[in-house]
Structure formats: structure tokens, C-alpha cells
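The values are calculated or read from the model by the stated rules, or taken from the named source; none is laboratory data. Keep in mind that this is a model prediction, so the values were computed, not measured. Note that each Cβ is placed from the backbone with ideal geometry, even for glycine, and that neighbours are counted across all protein chains shown.
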Amino acid sequence: MTETAHAKQQPSLWDKIWKDKQGTGRVVLYQMPNLSLAAWAVLTVISLMTNGRVADATSTLASVALLIWAASEVLSGVNYFRRGLGTVIFLFSIVSFYKNIFG
């Protein structure tokens, strides 16, 4: 197979699930956290160390940050695994919000 024909070959399902979409061949399960995921972690720790209104506010903000991260992964995750993970966390977050609001 020539180099040109090899370059035009579609990636396998395995590659789409586990490897980055830039075609570097790297398997991507973990990446350095982006701002929204780092915010979720910090706000979650703060909410666990406080109580009352501060804990409620930081817990809510942490949930919003996680929802933003999940939506970002769903829309632009580097592979199907990351997009699926974002979908699961997004749905879990929506159900959690619903249960907290409507009991």
C-alpha cells in the first residue's frame, strides 16, 4: 500500500474510541484538567470543608462547573471514550439537579 493510500484510510472503531482525533496515535484516557474541571475540584473541596450557605453555594457552583466540563467533552472530546464519559457525567448532573430541585 502506498503512503498516500494509507493516509486516506479511515480510522478503525478502536482508534475512534481510544485514540486522539488529531491522528497522532496516542491513546487518550486522561488529560491535564481544563479550567472547568479544576474549578469543580476546588469548589468541591471548599464545599466539603464549609457548612451553611457557603457550602450550598460552592456545591452549586461545583455542579455547574462539572456540567460545563461534561458539555465540553460531549461537543469536542478527543475520542469517543471522552465524549461518552462527558455524556454520562452530563446526564448524571442533569438528573442530580432535577432530584435536588424537585425532591
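General observations
- Top-ranked residue in region 72-88 [being touching a helix residue (DSSP H, G or I) at 6+ places or on another chain (Cβ under 6 Å) and closer than 12 Å to residue 36 by Cβ; ranked as surrounded by the most Cβ atoms within 10 Å (Cβ to Cβ)]: 73
- For region 69-103, the tally of residues that are under 20 Å from residue 28 (Cα atoms) and not charged (D, E, K, R) stands at 19.
- Residue satisfying all of: in region 6-31; among the hydrophobic types (A, V, I, L, M, F, W, C) and in contact with a helix residue (DSSP H, G or I) (Cβ under 9 Å, 6 or more places away or on another chain); modelled with the lowest pLDDT among these: 29
- So residue 87, is it among the polar types (S, T, N, Q) and modelled with pLDDT of 95 or more: yes
- Residues (surrounded by 11 or more Cβ atoms within 10 Å (Cβ to Cβ) and of a type in the set (Phe, Trp, Tyr)) located in region 6-62: 18, 40
- Residue pairs meeting the criteria (Cβ under 6 Å; at least 6 apart or on separate chains; first over 17 Å from residue 36 (Cβ atoms), in region 89-103; second assigned to a helix (DSSP H, G or I) and at pLDDT below 90): none
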